[in-house]
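Note sheet for the following structure.
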Amino acid sequence: MPELPEVEVTRRGVAPYVEGHAVQAVVLRRGGLRWPFPADLAERLAGRTIGLTGRRGKYLLLDFEHGTLIIHLGMSGHLRVLAPDVAPQRHDHFDLVVDGAQGNRVLRMTDPRRFGAVLWHDAGDGGVDNHALLRGLGVEPLGDDFSGQLLFERTRGRRVAVKQALMAGDIVVGVGNIYCSESLFRAGINPKTPAGRIGPARYERLAQAIRAVLAEAIVQGGSTLRDFIGVNGQSGYFQQSYFVYDRAGLPCRVCGAAVRQIKQGQRSTFYCVNCQK
């Protein structure tokens, strides 16, 4: 599944082609993905100019004066910017046609497993953070509000394992399975440790590790996930820097002990028993 770095890489790739450009047409090739497409989406957007692009967790946001288009890539989705004469393929479900100095461009969403979403939030309903899918999200890990002190305060009394607390999304948003495992390794924290038993100093190391891991992944174009490709058709290569994720049985890059794999909340967790206490 595309995680925060992949979505941010997508946002940065899309932005130059859509920000400040007017929508010429909307093409829907099915009734919806995870949820139905808004019935009047084409009428809402035709002729309207896209403002800034944004991201909230794993949701990509295209801002308009009268609302916000919310796009989620789901398990297997990706966006590409194409020439208008590129024929759609089987899993191409949504096109946003925009004008451009060199002619129209198509922002096309491909989603083979159809767990993604294209939704609309009307400005009359308040800011986009009021949308049902966004209002309960935690702070952005790359934003100014994120810190070790926040992690410490929000986990007092919580017995759940720290990895599951991070991935729940109500404290901090967008720290998915890959980058959570890598961040916990860099911070030297065992993923099974109850969240409420970790002190402020260790949480500060964890917050710094999360920021560093996500920033590095964005620079490297994200990870080469099975279904994810960037806007330019290329995959990221952060996976070449993994310390523990998907390395079960291989030697730890720091101490040489075998990396272990366990299940937490139906997700695979990878860690080094020597380096993570």
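Figures for the structure shown
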| quantity | calculated |
| --- | --- |
| Some residue of the stretch 44-57 being at pLDDT below 95, among the hydroxyl-bearing types (Ser, Thr, Tyr) and buried (at least 19 other Cβ atoms within 10 Å of the Cβ) | no |
| Matching residues in the stretch 109-148 - criterion: being in a strand (DSSP E or B) and either in contact (Cβ under 8 Å) with a residue 40 or more places away in the chain or closer than 19 Å to Trp35 by Cβ (or both) | Met109, Thr110, Ala117, Val118, Leu119, Trp120, His121, Asp122 |
| Single match in Leu133, Leu150, Leu119 (criterion: of a type in the set (A, V, I, L, M) and buried (at least 17 other Cβ atoms within 10 Å of the Cβ)) | Leu119 |
| Which numbered condition Ile178 misses (of (1) closer than 17 Å to Glu204 by Cβ; (2) open to solvent by less than 20 Å² (accessible area, probe 1.4 Å); (3) hydrophobic (A, V, I, L, M, F, W, C); (4) assigned to a helix (DSSP H, G or I)) | (1) |
| So Val23, is it surrounded by fewer than 17 Cβ atoms within 10 Å (Cβ to Cβ) and assigned to a strand (DSSP E or B) | no |
| Every pair of residues 6+ apart whose Cβ atoms lie under 9 Å, when the first sits in the stretch 3-24 and is free of Cβ contacts under 8 Å to residues at least 24 places away in the same chain and more than 14 Å from Leu61 (Cα to Cα) while the second is of a type in the set (Lys, Arg) and assigned to a loop (DSSP other than H, G, I, E, B) | none |
| Residue check for Val27: at pLDDT 95 or above, over 30 Å from Ala215 (Cα atoms) and β-branched (Val, Ile, Thr) | yes |
| Count of the stretch 1-58 residues which are among the charged types (D, E, K, R) and within 28 Å of Ala217 (Cα to Cα) | 10 |
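The values are calculated or read from the model by the stated rules, or taken from the named source; none is laboratory data. Predicted, not measured: the structure shown is a model, and the values here were computed from it. Reconstructed Cβ throughout: ideal geometry from the backbone, glycine too, with neighbour counts over all protein chains shown. Accessible surface areas use protein heavy atoms only, side chains included; no ligands, DNA or RNA. Shrake-Rupley method; radii C 1.70, N 1.55, O 1.52, S 1.80 Å.
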